[in-house]
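Asks: What follows is a structure written as structure tokens; I'll ask about it next.
The values are calculated or read from the model by the stated rules, or taken from the named source; none is laboratory data. All values reported here derive from a predicted model rather than from experimental measurement. Cβ coordinates were reconstructed from backbone atoms using ideal geometry, including for glycine residues, and neighbour counts include every protein chain displayed. Remember, those area values only see protein heavy atoms, side chains included, never the ligands or the DNA or RNA. Shrake-Rupley method; radii C 1.70, N 1.55, O 1.52, S 1.80 Å.
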Amino acid sequence: GLFDAQALLAKTDNDRGFAQELVNLFVRSARETLAQLTLAMQSGGDAETIRKLAHGIKGAAATSCATAVAACAANLERVAGGAQAMAALNSLDATFALTTAEWARLGWCTLEAADVPLRSSHIDGMVS
């Protein structure tokens, strides 16, 4: 799966509110880190910078039990500076998007944090 809800609840003594805070915090910080990773990659892909940023996401993802994101970040950390780095970043980006969408769908993070547009904003062809 994308994340381990049981492990997250176990970490927070079954305090769903606190677990949701952790998830929202992770979503916001990871989005910033992913933006930094994209910039680092576009400006030539300094391996050390990419490694550090990927390591940061990996740790934060593990804390919020986002297992798939943690695995992708570990992969990027491993291939930083190599030919596979861009593909690894794309994979991390896509997995993060899937995870946040799933969290939003299940009520683990706010739609605002997940950056998921509300369906109602597309009704009658209106776009907010």
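Asks: When you scan the range 16-37, how many residues do you find that are open to solvent by less than 30 Å² (accessible area, probe 1.4 Å) and closer than 16 Å to Cys109 by Cα?
Replies: Total meeting the criteria: 6.
Asks: Now for a different question. Test each condition in (1) surrounded by 15 or more Cβ atoms within 10 Å (Cβ to Cβ); (2) in contact with a helix residue (DSSP H, G or I) (Cβ under 7 Å, 6 or more places away or on another chain); (3) more than 25 Å from Ala10 (Cβ to Cβ) for Thr99 and report the one that comes out false.
Replies: Unmet for Thr99, out of (1) surrounded by 15 or more Cβ atoms within 10 Å (Cβ to Cβ); (2) in contact with a helix residue (DSSP H, G or I) (Cβ under 7 Å, 6 or more places away or on another chain); (3) more than 25 Å from Ala10 (Cβ to Cβ): (3).
Asks: Still on this model: Somewhere in the range 34-51, is a residue touching a Lys or Arg at 6+ places or on another chain (Cβ under 9 Å), of a type in the set (Gly, Ala, Ser) and free of Cβ contacts under 8 Å to residues at least 40 places away in the same chain?
Replies: There is no residue in the range 34-51 that is touching a Lys or Arg at 6+ places or on another chain (Cβ under 9 Å), of a type in the set (Gly, Ala, Ser) and free of Cβ contacts under 8 Å to residues at least 40 places away in the same chain.
Asks: Still on this model: Taking the criterion of being in contact (Cβ under 8 Å) with a residue 40 or more places away in the chain and charged (D, E, K, R), would at least one residue in the range 75-95 satisfy it? Give the steps one after another, and end with the answer.
Replies: Kept after step one, since they are in contact (Cβ under 8 Å) with a residue 40 or more places away in the chain, are these residues of the range 75-95: 85-86, 89, 92-93, 95.
Now narrow it down to the ones that are charged (D, E, K, R): 93.
Yes, the conditions are met somewhere in the range 75-95.
Asks: Still on this structure: Please state which one of Asp93, Asp13, Asp46, Asp4 is acidic (Asp, Glu) and more than 22 Å from Cys109 (Cβ to Cβ).
Replies: Asp46
Asks: Still on this structure: Here are some conditions: (1) more than 26 Å from Asn14 (Cβ to Cβ); (2) touching a helix residue (DSSP H, G or I) at 6+ places or on another chain (Cβ under 7 Å); (3) modelled with pLDDT of 95 or more; (4) not polar (S, T, N, Q). Leu118 meets all but one. Which one does it not meet?
Replies: (3)
Asks: Take Lys58 and decide whether it is within 20 Å of Leu98 (Cα to Cα), without any contact (Cβ under 8 Å) to a residue 60 or more places away in the chain, of a type in the set (Lys, Arg) and surrounded by 14 or more Cβ atoms within 10 Å (Cβ to Cβ).
Replies: yes
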